[in-house]
Each structure stands twice: as structure tokens, then as C-alpha cells.
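The values are calculated or read from the model by the stated rules, or taken from the named source; none is laboratory data. This structure is a prediction, so every number in the text was calculated from the model and none was measured. No Cβ is skipped: glycine too gets one built from the backbone with ideal geometry, and neighbour counts run over all protein chains shown.
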Amino acid sequence: MDWRSLSSDSTGSFNTGLGAGALALNTTEDSNTAVGTAALLLNTGGISNTAVGRTAMLNNSTGNENTAVGVGALSGCTTGGFNTAIGGIAGAAITTGNSIRSLATSPGSS
């Protein structure tokens, strides 16, 4: 655990937060994994999410069962569910969509 990682968690179970601010606002949500600075930082209601990379799923609030791997992957997703994004900023423009797959094919693309 790092600075403020899982710092607000009160009754959430099976959560893992590694990196400064990872899952910092998670309180009662379960089964989330965040690895990287600010990964899943704003998660307040989402369950079963996986975010790997700095700011991956940064803005998620209540989205469930998303997977984001890469710096900034799914960083704009707030309430969308069942999304998968692989690569730097992949799916960063997705906010509320469901069941979307995004693969970054070159640096800076999504």
C-alpha cells in the first residue's frame, strides 16, 4: 500500500490497492483491484473492476466489472460496465458505455 491507497475503505472486502491514491475513495465496495498512481481513485460504488496503470479508470464512480490496462485506460469512464481497454489511454473517451472493447494501436491513440 502507498500514500492514501484504500484510505477510505471501511467495510469493503477483497480489494487491492497499490500506488499513491489507488482506490482512495473506495468505502464499502468489493472485489476491486487497482495498481498504479490514482488507479480507480474516484471509485465510490463500482465493484469487480481491475485497473492497472497510472490513472487507469481514474473517474470511475459506479461502473462495474471493467478491465483497464495501460496509463489512462478507461480514465473517463464513470458509470459504464463490462468494458475492456488495453493500452495507453485506450477507451479514455468512454464515459457511460457498456460492453465496449478498446485497444490502443499506437502511442496516444484509443
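For the stretch 15-37, enumerate the residues that are of a type in the set (A, V, I, L, M, F, W, C), farther than 12 Å from N49 by Cβ and part of a loop (DSSP other than H, G, I, E, B).
A20, A24, L25
In this structure, does G76 turn out to be buried (at least 17 other Cβ atoms within 10 Å of the Cβ), under 15 Å from I100 (Cβ atoms), more than 9 Å from the chain's Cα centre (by Cα) and at pLDDT 95 or above?
Details: buried (at least 17 other Cβ atoms within 10 Å of the Cβ): yes; under 15 Å from I100 (Cβ atoms): yes; more than 9 Å from the chain's Cα centre (by Cα): yes; at pLDDT 95 or above: yes.
So G76 fits the description; yes.
Return the pairs, sorted by first residue and then second, in which the second residue is among the aromatic types (F, W, Y) and outside any strand (DSSP E or B), the first residue lies in the stretch 41-68 and is closer than 15 Å to S99 by Cα, the beta carbons are less than 6 Å apart, and the residues are 6+ apart or on different chains.
Listed by first residue and then by second, the contacts come to E65/F82.
What are the residues in the stretch 55-110 that are closer than 17 Å to E29 by Cβ, aliphatic (A, V, I, L, M) and in a loop (DSSP other than H, G, I, E, B), if any?
A56, M57, L58, L74
If you scan the stretch 20-34, which residues turn out to be closer than 16 Å to A73 by Cα and surrounded by 20 or more Cβ atoms within 10 Å (Cβ to Cβ)?
Answer for the stretch 20-34, where residues must be closer than 16 Å to A73 by Cα and surrounded by 20 or more Cβ atoms within 10 Å (Cβ to Cβ): A22, L23, N32, A34.
Could you tell me which numbered condition A56 fails, if it satisfies all but one of (1) under 12 Å from the mean Cα position of the chain (by Cα); (2) farther than 21 Å from L18 by Cα?
It fails just one condition, (2).
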